[in-house]
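Engineer: Please find one structure pasted underneath; my questions will follow.
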Amino acid sequence: MSTPELIRDPAEWQRRCATARDGGTRIALVPTMGYLHDGHLSLMREARHRADSGGRAGLSLATIFVNPTQFGPAEDLARYPRDLDGDLAKCASAGVDLVLAPEDPKSMYLPGFQTWVEVGEVSKGLCGDRRPGHFRGVATVVAKLLGLSRPHVALFGDKDWQQLQVIRRMVLDLDMGVEVVGMPIIREPDGLARSSRNAYLSAEERPRAVAISRALREAQRRASGGERDPRDLAAGISRALEGAGLRVDYVELVHPETLRPVERAEPGTRALVAAFLGRTRLIDNLALP
Ligand code: AMP
């Protein structure tokens, strides 16, 4: 497959996308922060498929931008892993046509920038409480990327479950007129959810990270067996994580869309986990049966 065209300038990107859309081309968009893995690539392959579903070849777009406004001051912005050449080769293998990778964050946040998107209740709790300002940064950059690209469909991973709900809410509330598609979590063979941040794990930490997906699956098994008390299920997950030497940030059982804590685990209730392994913060989630 041919290497996608790389565009550095958001204004140039906006012109290209507008011309395509005005010409009747169907556009699918996958926003990422790069250092791509199979999770990202599954979104891109689906984007290719959905772009072409209008009966003629569409435009499959990916963006690679480590968005500074979604990182807290003590977070990993400076050391976030990057590999643009490797990413472009992976985008090629997944049929991406065009990649926007702004060279300088200042080209996305021009002088005088002062407009922010604040999504309400679904941005609170969970990662919203532990990472103040994170979802404001995410919602704002996704709103900008949707405005720059004007896609018919945009694809996001279930891995970042709260982020997906924040984006769905924003698109609805602000009449953005784009179809938001959530895609299943892609995992390593041992069950660890694929993440660019897995690169931070040392050889000693990496095998222990499997505790997260194992604990979630064990909760799923207990729920299938009739355990419906969210406190018991969450406590079981926490114990398993602590037993493997992870530090629990949160374990919660919530309604899949409102993200409110549930009183009883029902089918579709989502178990969400964030935990530290050394300095690395990992997240994962699963639907209960
Ligand atoms: P990121 O580069 O971490 O901002 O992720 C870009 C997109 O890829 C987001 O919509 C993520 O939810 C999605 N994503 C990340 N990891 C996975 C995974 N393991 N499986 C499916 N989607 C993922």
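FYI, it's all coordinate maths here, none of it is from the lab. From a predicted model like this one, the values you see are computed outputs, not experimental measurements. For neighbour counting, all protein chains shown are included, and Cβ atoms are generated from backbone atoms with ideal geometry for every residue, glycine included.
Engineer: Over the Cα atoms of the chain, Rg to Rh with Kirkwood Rh, two decimal places?
Structural biologist: 0.97
Engineer: Compute the length gained on full extension between SER53 and GLU12: take 0.36 nm times their separation in residues and subtract their Cα-Cα distance, giving the result in nm to one decimal.
Structural biologist: 12.2 nm
Engineer: Residues with amide H under 5 Å of LEU29's amide H, sequence separation 5 or more or different chain, H placed in the peptide plane at 1.01 Å from N; which?
Structural biologist: Sorted by chain and number, the residues that satisfy this are LEU61, VAL153, ALA154, LEU155.
Engineer: When the Karplus curve 6.51 cos²θ - 1.76 cosθ + 1.60 is applied with θ = phi - 60°, which whole-Hz ³J(HN,Hα) does each residue of the range 171-183 get, with x for Gly and Pro?
Structural biologist: Here the 3J(HN,Hα) series is 5, 5, 5, 9, 6, 6, x, 10, 7, 9, 10, x, 10 Hz.
Engineer: Tell me the angle of helix 210-224 to the major Cα principal axis of the chain, expressed in degrees between 0 and 90 and rounded to the nearest ten.
Structural biologist: Between helix and principal axis, roughly 70 degrees.
Engineer: Could you tell me what fraction of 2.2 N^0.38 Å the Cα radius of gyration of the range 1-135 comes to, as a two-decimal ratio?
Structural biologist: 1.15
Engineer: OK, next. What shape does the range 111-179 have by the C-alpha gyration tensor, where a ≥ b ≥ c are the square roots of the eigenvalues, rounded means a/c under 1.5, and otherwise prolate means a/b greater than b/c and oblate the rest?
Structural biologist: Oblate is the answer for the range 111-179, as a/c is 1.5 or above yet b/c matches or exceeds a/b.
Engineer: Let me ask something else about it. What is the extension gain from HIS255 to LYS124, computed as 0.36 nm multiplied by their sequence separation minus the C-alpha to C-alpha distance, in nm to one decimal?
Structural biologist: 45.8 nm
Engineer: Find the Rg to Rh ratio for the range 61-135, where Rh is the Kirkwood radius over alpha-carbon pairs and Rg uses the same atoms.
Structural biologist: My calculation puts Rg/Rh at 1.02.
Engineer: Each residue of the range 109-115 in turn: what ³J(HN,Hα) in whole Hz from Karplus with 6.51, -1.76, 1.60 and θ = phi - 60°, glycine and Pro shown as x?
Structural biologist: So the Karplus estimates, Gly and Pro as x, are 10, 5, x, x, 4, 7, 10 Hz.
Engineer: Around ALA199, under 12 Å between beta carbons, what's the net of Lys plus Arg minus Asp minus Glu among the other residues?
Structural biologist: Summing Lys and Arg as +1 and Asp and Glu as -1 gives +2.
Engineer: So how tilted is helix 10-22 from the main axis of the chain? Cα-based, degrees 0 to 90, rounded to 10.
Structural biologist: Taking Cα atoms only, the helix is inclined about 80 degrees.
Engineer: Check cross-link reach from LYS159 to the lysines: straight Cα distance under 25 Å, and skip same-chain residues fewer than eight apart.
Structural biologist: Filter leaves LYS90, LYS124, LYS144.
Engineer: Quick one: helix 84-93 against the long Cα principal axis of the chain, what's the angle to the nearest 10°, folded into 0 to 90?
Structural biologist: 90 degrees
Engineer: OK, next. If you count, for each residue, the other Cβ atoms within 10 Å and average over each peptide, how do 61-73, 236-248 line up from highest to lowest?
Structural biologist: 61-73, 236-248
Engineer: While we're looking at this one, here's another question. Tell me, what is the Rg over Rh of the range 116-251, with Rh the Kirkwood radius over Cα pairs?
Structural biologist: That ratio is 1.02, to two decimals.
Engineer: How big is the range 22-71 by Rg and Dmax over its Cα atoms, in Å?
Structural biologist: That works out to 12.6, 40 Å for Rg and Dmax.
Engineer: Relative contact order for the range 1-78 using alpha-carbon pairs under 8 Å, separation at least 6, rounded to a whole percent?
Structural biologist: 31 percent
Engineer: Per-residue ellipticity at 222 nm for the chain, helices alone: DSSP H runs ≥ 4 residues times -39500 (n - 2.57), over residue total, nearest 500 deg cm²/dmol?
Structural biologist: Result for the chain, helices only: -11000 deg cm²/dmol.
Engineer: Taking amide H positions as placed 1.01 Å from N in the peptide plane, with prolines and chain starts having none, which residues 5 or more places from ARG194, or on another chain, fall under 5 Å of its amide H?
Structural biologist: Answer set, sorted by chain and number: ILE186, ARG187, GLU188.
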